[in-house]
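Student: Starting off with a structure, shown below.
The values are calculated or read from the model by the stated rules, or taken from the named source; none is laboratory data. Because the structure is predicted, anything quoted here is derived from the model rather than measured. For neighbour counting, all protein chains shown are included, and Cβ atoms are generated from backbone atoms with ideal geometry for every residue, glycine included.
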């Protein structure tokens, strides 16, 4: 697929980017491998951390420019783009401040002698990243692995090449040596060949289940470590004792943020029977207030989907859901205007034999399910191929905590939407993938935890 910037607000082509050749790939691998075997990767961590600090500063200094690029390229509301850049700066700063502690030797008590575990880089990593958070997804991989000493080669999504290009330049401007971070505009077949290369020791992917399966298979075939952050069909549970107004307000943001194109977005709203009608009434009213328009306009609350393909896919999904018995309660079709806009949409009465029951809808489409009690909440929540995030709203925190422990997912937030922060681990279970990014867990995914024992 060609790497192109196409403004999703207008569907106008802005710029095309040439693909990298096999010779470019070989040069990138050679430089990255040489860096891994140098004192930059193998030596003192303190020489790498200033790069992250400088990168954080650059992101903050150029936040407006970077935000506008992301908004133009994939349609994110400008304020949300600014928030993404700010988050990236905080991740870079977090690992600059904490990586030394995370990677410090850990002592183990043993009868065999004086024992400890050291943390060393494992080598060149291949990262495959998506378009929906075009900087954040890159930073989640870069920051911990630059600190650890692992050089990174990145294939970004084909619809955000400008974001990919400028991020690479920022890393270089921050002082990273050649080979530390390399962006390549390449095909899936070329990615597969890179994974197979003996110089590459790990693979990190955020993306679709299909892409994750292909990459994981190639990594497994070559006996290489992989982390996968894939799709989600997250629940947003509204219990009968919840603050209903707060649940509605947060629930709208949780579904419509980034035009609904978030793996951890609230997608399945599970509402208890006694408050279901009131919730649906209030939620529908809130959807009516949504302002669709230019993502550069500060007053816009719902921007376009990222591409024409995304719009066509979502339209087909909604039509199929209704065809198979779902009730179209609100919205349900593309907006008749220029750009890739889809109406905020609410589907109800989705039965288990409807394909929509198990599908991830990557756009502003909320599914409403009504249940009787807490046990039905858990049963429905866990009846999913995915297990990424989730939210529970209740004024009884002990009750919510109990349910959180029973729901099969990698993350649960109580009385807020599923969020992210540098200090909190991010990842899921089941078909949502495996491994963790961010926090102390993220930096240890691709390090050699080497045991050293001095015998008595």
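Student: Which of the following residues is in contact with a helix residue (DSSP H, G or I) (Cβ under 7 Å, 6 or more places away or on another chain) and in the same structural domain as residue 146 (by TED's automatic domain parsing): 440, 374?
Tutor: Sole residue among the options that is in contact with a helix residue (DSSP H, G or I) (Cβ under 7 Å, 6 or more places away or on another chain) and in the same structural domain as residue 146 (by TED's automatic domain parsing): 440.
Student: Of everything in the range 63-75, what is touching a residue at least 60 places away in the same chain (Cβ under 8 Å), closer than 17 Å to residue 167 by Cα and under 18 Å from the mean Cα position of the chain (by Cα)? Give them in sequence order.
Tutor: Of everything in the range 63-75, those that are touching a residue at least 60 places away in the same chain (Cβ under 8 Å), closer than 17 Å to residue 167 by Cα and under 18 Å from the mean Cα position of the chain (by Cα) turn out to be 70, 71, 73, 74.
Student: Which one of these does residue 367 not meet: (1) touching a strand residue (DSSP E or B) at 6+ places or on another chain (Cβ under 6 Å); (2) not assigned by TED's automatic domain parsing to the domain that holds residue 330?
Tutor: Among (1) touching a strand residue (DSSP E or B) at 6+ places or on another chain (Cβ under 6 Å); (2) not assigned by TED's automatic domain parsing to the domain that holds residue 330, residue 367 violates only (2).
Student: Which of the residues that make up the range 314-325 are buried (at least 20 other Cβ atoms within 10 Å of the Cβ) and under 24 Å from the mean Cα position of the chain (by Cα)?
Tutor: Passing the criteria: 314, 318.
Student: Also: In the range 96-115, is there at least one residue being surrounded by 14 or more Cβ atoms within 10 Å (Cβ to Cβ), assigned to a strand (DSSP E or B) and more than 27 Å from the chain's Cα centre (by Cα)?
Tutor: Yes, the range 96-115 has at least one match.
Student: A further question on this structure: Every residue in the range 95-124 that is under 24 Å from residue 215 (Cβ atoms) and out of contact with any helix residue (DSSP H, G or I) (no Cβ under 6 Å at 6 or more places or on another chain), please.
Tutor: 122
Student: Still on this structure, I have one more. Take the range 127-164 and flag every residue that is more than 21 Å from residue 86 (Cβ to Cβ) and within 19 Å of the chain's Cα centre (by Cα).
Tutor: Those that are more than 21 Å from residue 86 (Cβ to Cβ) and within 19 Å of the chain's Cα centre (by Cα): 127, 128, 145, 152, 153, 154, 155, 157, 158, 159, 161.
Student: Something else: Determine whether the range 69-85 contains at least one residue that is within 27 Å of residue 192 (Cβ to Cβ), assigned by TED's automatic domain parsing to the domain that holds residue 201 and surrounded by fewer than 16 Cβ atoms within 10 Å (Cβ to Cβ).
Tutor: No, because not a single residue in the range 69-85 is within 27 Å of residue 192 (Cβ to Cβ), assigned by TED's automatic domain parsing to the domain that holds residue 201 and surrounded by fewer than 16 Cβ atoms within 10 Å (Cβ to Cβ).
Student: Consider residue 139 carefully, then state whether it is within 30 Å of residue 198 (Cα to Cα), touching a helix residue (DSSP H, G or I) at 6+ places or on another chain (Cβ under 7 Å) and either assigned to a strand (DSSP E or B) or not assigned by TED's automatic domain parsing to the domain that holds residue 207 (or both).
Tutor: No, not satisfied.
Student: Which residue pairs have Cβ atoms closer than 7 Å, lie 6 or more positions apart in sequence or on different chains, and pair a first residue in the range 28-42 that is at positive phi and without any contact (Cβ under 8 Å) to a residue 12 or more places away in the chain with a second residue that is part of a helix (DSSP H, G or I) and buried (at least 16 other Cβ atoms within 10 Å of the Cβ)?
Tutor: Going by the 7 Å Cβ cut-off, there are no qualifying pairs.
Student: Another one. Which count do you get for residues in the range 436-456 that are buried (at least 20 other Cβ atoms within 10 Å of the Cβ) and in a loop (DSSP other than H, G, I, E, B)?
Tutor: 4
Student: Looking only at the range 149-158, decide whether some residue is more than 23 Å from residue 22 (Cβ to Cβ) and in a helix (DSSP H, G or I).
Tutor: The answer is no, given that none of the residues of the range 149-158 is more than 23 Å from residue 22 (Cβ to Cβ) and in a helix (DSSP H, G or I).
Student: Return yes or no: is residue 146 closer than 22 Å to residue 101 by Cβ, touching a residue at least 24 places away in the same chain (Cβ under 8 Å), in contact with a strand residue (DSSP E or B) (Cβ under 8 Å, 6 or more places away or on another chain) and assigned by TED's automatic domain parsing to the domain that holds residue 90?
Tutor: When the stated conditions are applied, residue 146 passes them.
Student: When the range 125-141 is examined, which residues are found to be in contact with a strand residue (DSSP E or B) (Cβ under 6 Å, 6 or more places away or on another chain) and closer than 30 Å to residue 43 by Cα?
Tutor: Matches in the range 125-141: 125, 126, 127, 128, 129, 137, 140, 141.
Student: Go through the range 326-336 and report how many residues are surrounded by fewer than 20 Cβ atoms within 10 Å (Cβ to Cβ), in contact with a strand residue (DSSP E or B) (Cβ under 8 Å, 6 or more places away or on another chain) and in a loop (DSSP other than H, G, I, E, B).
Tutor: 3
Student: Could you figure out which of (1) out of contact with any strand residue (DSSP E or B) (no Cβ under 8 Å at 6 or more places or on another chain); (2) loosely packed, with under 14 Cβ neighbours inside 10 Å; (3) farther than 29 Å from residue 6 by Cα isn't true of residue 45?
Tutor: It fails just one condition, (2).
Student: Out of the residues in the range 165-183 that are in a helix (DSSP H, G or I) and without any contact (Cβ under 8 Å) to a residue 60 or more places away in the chain, state the one that is surrounded by the fewest Cβ atoms within 10 Å (Cβ to Cβ).
Tutor: The extreme case among them is 169.
Student: Return the total of residues in the range 3-30 being crowded, with 18+ Cβ neighbours inside 10 Å and under 22 Å from residue 184 (Cβ atoms).
Tutor: Residues meeting the conditions: 7.
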